[in-house]
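Visitor: Can you keep this structure in mind? I'll have questions shortly.
The values are calculated or read from the model by the stated rules, or taken from the named source; none is laboratory data. It should be emphasised that the depicted structure is a prediction, and the values quoted were computed from it without experimental measurement. Here the Cβ positions follow ideal geometry from the backbone for every residue, glycine too, while neighbour counts run over all protein chains shown. Remember, those area values only see protein heavy atoms, side chains included, never the ligands or the DNA or RNA. Shrake-Rupley method; radii C 1.70, N 1.55, O 1.52, S 1.80 Å.
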Amino acid sequence: MVESQERSDDIQLVEKNLQLILSSNSYDLAHEDLELLNSDEMRGVRMLLEISKPEQILEKEKIISTIIVFGGANISDKLSTKRKLEEASKILKENPDSSQLKRKKDRLEKLYSMAHYYDSAREFSRIISRENQIKECRSHVIVTGGGPGIMEAANRGAFDADCKSIGLNISIPKEQHPNPFITPGLCFKFNYFALRKIHFVMRSIAAVFFPGGFGTLDELFELLTLRQTGMKNDIPIILFGKEYWSKTINFQLLADSGLIADNHLKLFRYADTAVEAWEIIRQEASI
C-alpha cells in the first residue's frame, strides 16, 4: 500500500518535472525564443534581421528602384490644418491673455501657409507613379518614412494612381503609426535608425526633400555627405521650396567660409513645382 503510494507520487513528480522542462524557454528553438532575441547579446542578430527582412520582401516584389520623399510630419492638408487653426482661434478668444495659446495659433497659421507642400508632394508622387509604374508597379517606387504629413501625402499620391509605395516606419517612444496609404506588404517597422537609412538609400535613384524638421534635416545631410564623399552614386537631390530652404540653410555661407567646396553646391537642386522636380530627375537620372 505504502509502496504503491510512493510509486504514484514518483510518477506525478516526474510528470511535473517533464512539464517544467517542456515549458522552460531553454527548450524553445533559438529563433522562437523572444527573450533571447531581445537580449543585448543578440543585438547583432536583430540588426541582421532588419537588413534581411525588407530586402527579401522587396526582392520578391521586384522593386528595382525607388525615389525617396522626405518632409515634415506636421505639414497636413489645407482642410485639416484649417480646422485646427479655427479651433485654436476659438479657444484663444476665450482666453485672449494666454501666451501659450497665441503661440499655438501662430504656429498653426504658419503650418497652414505651408499646406500647399502637402498637395505638391501628393501631386509629385502621383506623377512619378503614373509615369513609371503603369504596367507592373516595380520601378521608381515612392518610399517615405511611413508617417503622417508629407510622408502621408507622398504615399497618398501613389495610392491615387493605384500604384505601389513603400513606408519605412520606426519604433520610437512616441509611437509613429503608419499612414493608411502605404501598399500593404510594403510597410516595414524598424528599431534601428541606421538600418532604416540603409534601406532608404540602397535602391534610390533620386531624393526629394520637402520642408521639415530635425528628421528631414538629418536625412538631408546624411545623403549630402554620402554624395560628397562618393559613397553614393550621382543621384539628384532636390530641395522642394526654394524660399524655405534658402532661409533654413545658408549653403553659400558654408562655401564662402571654405567649409565645403564650391562644387558641393551642385550636389542639390531647387524645385518649386511637382513637374519641375520630375523634370530634374528625368534629366539628371537619365530616365
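Visitor: Solvent-accessible area per residue for the range 128-275 at a 1.4 Å probe radius, Å²?
Guide: With all protein chains present, the range 128-275 gives 48 Å² per residue.
Visitor: Using per-residue counts of other Cβ atoms within 10 Å, averaged over each peptide, order 231-240, 184-193 from highest down.
Guide: Per-residue mean Cβ counts within 10 Å order the peptides as 231-240, 184-193.
Visitor: Additional query: State the answer as a single residue: which of LEU101, LEU34, SER129 lies farthest towards the positive end of the charge dipole of the chain, with beta carbon charges of +1 for Lys and Arg and -1 for Asp and Glu, about the Cα centre.
Guide: The listed residue farthest towards the positive side: LEU101.
Visitor: For helix 214-228, report the angle its Cα long axis makes with the longest principal axis of the Cα atoms of the chain; keep it between 0 and 90° and round to the nearest 10°.
Guide: Long axis of 214-228 versus the principal axis of the chain: about 80 degrees.
Visitor: Of all the accessible heavy-atom surface of the range 148-217, with the other protein chains kept in place and a 1.4 Å probe, what percent is carbon and sulfur? List each step's numbers first, then the result.
Guide: On the way: 1840 of 2870 Å².
That fraction is 64 percent.
Visitor: Could you order the peptides 96-108, 118-130 from most to least packed, using the average number of other C-beta atoms within 10 Å per residue?
Guide: Ranked by mean Cβ neighbours within 10 Å, highest first: 118-130, 96-108.
Visitor: Another question, then. For the range 1-103, what D do you get in µm² per second when you plug the Kirkwood radius from alpha-carbon pairs into Stokes-Einstein at 4 °C and 1.567 mPa s?
Guide: The diffusion coefficient I find is 60 µm²/s.
Visitor: I need two numbers for the chain: Rg to one decimal and Dmax as a whole number, Cα atoms only, in Å.
Guide: When restricted to Cα atoms, the chain yields Rg and Dmax of 25.8, 100 Å.
Visitor: In angstroms, what radius of gyration and Dmax does the range 88-244 have, counting Cα atoms only?
Guide: 17.6, 59
Visitor: Okay, moving on. Compute the helix-to-body angle for 2-23: its Cα long axis versus the longest principal axis of the chain, expressed 0 to 90° and rounded to tens.
Guide: For 2-23 against the chain, the angle is about 10 degrees.
Visitor: To the nearest Å, what is the center-to-center distance of the range 27-94 and the range 154-200, using C-alpha atoms only?
Guide: 5
Visitor: Heavy-atom accessible area of TYR27 with all protein chains present, probe 1.4 Å, nearest 10 Å²?
Guide: For TYR27, the solvent-accessible surface is approximately 140 Å².
Visitor: Once both labels are modelled 7 Å past Cα along the beta-carbon direction, what's the LEU79-ILE198 spacing in nm?
Guide: 4.2
Visitor: Taking H placed 1.01 Å from N in the peptide plane, check which residues at least 5 places from CYS187 or on another chain put their amide H under 5 Å from its amide H.
Guide: GLY167
Visitor: Kindly flag which residue pairs out of LYS174/LYS266; LYS90/LYS174; LYS102/LYS174; LYS105/LYS232; LYS104/LYS242; LYS60/LYS242 have an alpha-carbon separation exceeding 30 Å in this structure.
Guide: LYS174/LYS266; LYS105/LYS232; LYS60/LYS242
Visitor: Hey, another quick one. Can you pull the Kirkwood radius for the range 56-114, inverse mean 1/r over Cα pairs, to one decimal in Å? List each step's numbers first, then the result.
Guide: Working: mean 1/r = 0.0711 Å⁻¹.
So the Kirkwood estimate lands at 14.1 Å.
Visitor: Given Cβ point charges of +1 (Lys, Arg) and -1 (Asp, Glu) and nothing else, what value in debye, to the nearest 20, does the dipole of the chain about its Cα centre take?
Guide: 1520
Visitor: Taking a probe of 1.4 Å, how large is the accessible area per residue of the range 1-101, in Å²?
Guide: The answer is 77 Å² per residue.
Visitor: Moving on to the next point. Just the number: Rg to Rh for the range 152-281, Cα atoms, Kirkwood Rh, two decimals.
Guide: Working: Rg = 15.8 Å, Rh = 16.2 Å.
Here Rg/Rh amounts to 0.97.
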